[in-house]
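The values are calculated or read from the model by the stated rules, or taken from the named source; none is laboratory data. Model, not experiment: these values are computed from the prediction. Cβ: placed from backbone, ideal geometry, glycine included. Neighbour counts: every protein chain shown.
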Amino acid sequence: MLRRFRPYFHYLREHRSVLAVAILCGVIAGLATGAGLPLMVKFVFPVIFGEDAAALTTWELAGIVIWLPLIFTIRGVAGYLNAYLIQLAGTRVLESIRRDYFRKLQILPLSFFGRHSSGDLISRGLADTNQLQVALTTVANEIIKSPATLIGSVGGIIYLAYDIEGLTLVLVCLAAVPLTVLPVRHIGKKLARRSGGIQKELGAVTSRFNENLAAAREIRAFSLEERETERFSLVTRALITAQMKFVKYEKALAPLIEIISAVGIAGTLLYAYRIRLEQADFVALVTALYAAYDPVKRLGALNNETKRGLGALERLEAVFNEPVSIQDPAQPVAVGRLRGEIAFENVTFAYGDTPALRAISATISAGTVCALVGPSGAGKSTFANLVPRFYEVGAGRVTIDGLDVRQMKLADLRRNIALVSQEPVLFNDTIYQNLLLGRSDATREEVLAAARDAHADEFIQKLEGGLGYDTVVGERGNRLSGGQKQRIAIARAFLRNAPILILDEATSALDSDSEAAVQDALRKLVVGKTVLIIAHRFSTIRDASQILVFDKGSLAAQGDHASLYAGNALYKSLYDRQAAAP
Ligand SMILES: Nc1ncnc2c1ncn2[C@@H]1O[C@H](COP(=O)(O)OP(=O)(O)OP(=O)(O)O)[C@@H](O)[C@H]1O
């Protein structure tokens, strides 16, 4: 089973010196418990309670009594250092696992996020990484310490028993130890089946949380408070059930081992009675026997922990092993600033089984504005998303300046594209930092100029609090209005100054001031660029140099407004509907 964890041992190797000291301290603490206490019972107690005890001087007495605090101090200090250092290595291991998980999420294709809920992915990144870390560090800690303690205490038993009576006593004392394997194995099997369940249910709880918090407005608007609480109760109840199924077996292990150890000790007691063993010898033996069951319990617990870790491991591997289907080509063609001629050559694409684009061929000349129109779900966004290679074409190819987008480095390709979406996402940072995302090496002057061009400067200066560009915008930018967020997004695009611009025109109406500012900013932004615009406003559509009309994933028609209006019924009806809209 440990073989499953082997690929992840490299996380431990990075912190091997801390771990080595921790394990050494653990072994010392283990030996002090396993062998130290019984030997003390054997050698110290007889001196104090023996016949010659009255003759001891104070110094002799002190010299003997000091063994007790000494052994406990060694055990305590070593035990403390072991726990502290394991925790230290553990938190670092956790940091590394989380970082790798997070990094992997950054490079996975967008299609991956369509298949997994963000709550579940968060849960994997927090709870499952934690579980894996606990399993790894527990294994590292116990795999040497517990066997060492076991060997120490079994060695102590053999030494004592052999010294007291001989081989038979040794065998009687140790007879029950192998029986402990039975509950360890049985419970381990039960837990293995249940290990993934808890993590999965935890993922469901996080998902529900996440979804709920993101929909705070809708829940109030539709009075869904009770329904949501009920839905949440369902997943938390399922989590509790999964947890309790695990706990039921997990917690049975220690008592079962203790019962077996009690049977072993009773057997030894019987035999001791028959051979008239002295009390001091018996007490020393029982202490050693009791100590020997402690590492057995720990090894059993280790077995449980790894079973639980396995469940987490499988969920993490679903992400770690997910192929990064969209990545740099082995031999990329170096590109600088592209001119921006976009061509789709017989492109087909499907998210799952149903095609979202069918055999699309179109050319958009550099420096022109191309409007994408069509009913909802016709494939406009999908078309636009293939240009920055957010998704991979199923068949055909997408080229820019004659070069297949798959032949360029992703960073080179995407540096040439600026994106302004309908609902721009801002990070919970200052406005300045949010603008800087457009081009991280821009100077302050360039950032301010872009904000002015986007008509953002005027509202930024007037923001409540008087912090201007240093105002923090809140999660997803929720302290700004829709129009303000759009202007920030436009300013980013100004800053990026890429030859290709993808615009998703807002469907929701802005207030007239904002609307005028956004439109004016966009008019300036598109100059000299190849623009793909998912268009909703009839003026945008009419003024575009080329229009692509989508219908159910196919390109129904293409041309300019006049020819399409005259020759294409779908376009005419779409346009008339837009024109009639307020
Ligand atoms: N991430 C996704 N996963 C699965 N299917 C998707 C995904 N995104 C879009 N689709 C499907 O692909 C088809 C085309 O969607 P697309 O978003 O390109 O349409 P659209 O023309 O931009 O629509 P709208 O104007 O409503 O935004 C639709 O049937 C849609 O359900």
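Couple of notes before you dig in:
- So residue 125, is it of a type in the set (Gly, Ala, Ser), at pLDDT 90 or above and away from the ligand (no atom under 16 Å from the Cβ): yes
- Residue in the range 163-178 that is in contact with a helix residue (DSSP H, G or I) (Cβ under 7 Å, 6 or more places away or on another chain), among the charged types (D, E, K, R) and at pLDDT below 85 present: no
- Selection of the range 418-455 for residues being touching a Phe, Trp or Tyr at 6+ places or on another chain (Cβ under 7 Å) and hydrophobic (A, V, I, L, M, F, W, C) yields 431, 447, 450, 454.
- Residue satisfying all of: in the range 400-426; closer than 30 Å to residue 479 by Cα and of a type in the set (A, V, I, L, M); modelled with the lowest pLDDT among these: 425
- Residue 209 being surrounded by 15 or more Cβ atoms within 10 Å (Cβ to Cβ), assigned to a helix (DSSP H, G or I) and either touching a Lys or Arg at 6+ places or on another chain (Cβ under 6 Å) or not assigned by TED's automatic domain parsing to the domain that holds residue 293 (or both): no
- Single residue of the range 378-399 satisfying the filter (within 14 Å of the ligand (Cβ to nearest atom) and hydroxyl-bearing (Ser, Thr, Tyr)) that is farthest from residue 345 (Cα to Cα): 381
- Count of the range 512-525 residues which are surrounded by 20 or more Cβ atoms within 10 Å (Cβ to Cβ) and either within 16 Å of the ligand (Cβ to nearest atom) or modelled with pLDDT of 80 or more (or both): 3
- Helices (runs of 4 or more DSSP H) contained in the range 1-112 and holding at least 3 residues of a type in the set (Gly, Ala, Ser) and assigned by TED's automatic domain parsing to the domain that holds residue 124: 16-31, 67-107
- No other residue among 453, 404 is closer than 22 Å to residue 324 by Cα and either among the acidic types (Asp, Glu) or within 16 Å of the ligand (Cβ to nearest atom) (or both) apart from 404.
- Some residue of the range 94-108 being within 16 Å of the ligand (Cβ to nearest atom), surrounded by 17 or more Cβ atoms within 10 Å (Cβ to Cβ) and modelled with pLDDT of 90 or more: yes
- Test: residue in the range 60-77 that is within 16 Å of the ligand (Cβ to nearest atom), in contact with a Gly (Cβ under 9 Å, 6 or more places away or on another chain) and either modelled with pLDDT of 90 or more or among the aromatic types (Phe, Trp, Tyr) (or both): no
- Residue count, the range 425-484 (criterion: more than 19 Å from residue 517 (Cα to Cα), more than 35 Å from the chain's Cα centre (by Cα) and in a loop (DSSP other than H, G, I, E, B)): 3
- Test: residue 338 is within 20 Å of residue 503 (Cβ to Cβ) and within 11 Å of the ligand (Cβ to nearest atom): no
- Look at (1) touching a residue at least 60 places away in the same chain (Cβ under 8 Å); (2) over 55 Å from the mean Cα position of the chain (by Cα) and you find that residue 55 fails only one, number (1).
- Qualifying position, being among the hydroxyl-bearing types (Ser, Thr, Tyr) and in contact with a Ser or Thr (Cβ under 9 Å, 6 or more places away or on another chain), among 530, 540, 443: 530
- Where a residue in the range 384-395 is not assigned by TED's automatic domain parsing to the domain that holds residue 113 and among the small types (Gly, Ala, Ser) and its partner, wherever it lies, is within 10 Å of the ligand (Cβ to nearest atom) and not in a loop (DSSP other than H, G, I, E, B), with Cβ under 7 Å and at least six apart: 384/372; 384/534; 394/349; 394/350
- Residue count for the range 316-341 satisfying the condition of being closer than 26 Å to residue 8 by Cβ and of a type in the set (D, E, K, R): 2.
- Residue match in the range 493-511 (condition: of a type in the set (Gly, Ala, Ser), at pLDDT 90 or above and out of contact with any strand residue (DSSP E or B) (no Cβ under 9 Å at 6 or more places or on another chain)): no
- Failed item in (1) within 16 Å of the ligand (Cβ to nearest atom); (2) buried (at least 21 other Cβ atoms within 10 Å of the Cβ); (3) under 30 Å from residue 465 (Cβ atoms), with residue 426 passing the rest: (1)
- Residue satisfying all of: in the range 358-377; more than 13 Å from the ligand (Cβ to nearest atom) and among the hydrophobic types (A, V, I, L, M, F, W, C); nearest to residue 325 (Cα to Cα) among these: 359
- Of all residues in the range 436-492 being within 21 Å of residue 504 (Cβ to Cβ), at pLDDT below 90 and of a type in the set (D, E, K, R), the one that is surrounded by the most Cβ atoms within 10 Å (Cβ to Cβ): 487
- Restricting the range 342-357 to residues that are more than 8 Å from the ligand (Cβ to nearest atom) and surrounded by fewer than 19 Cβ atoms within 10 Å (Cβ to Cβ), the residue that is farthest from residue 532 (Cα to Cα): 353
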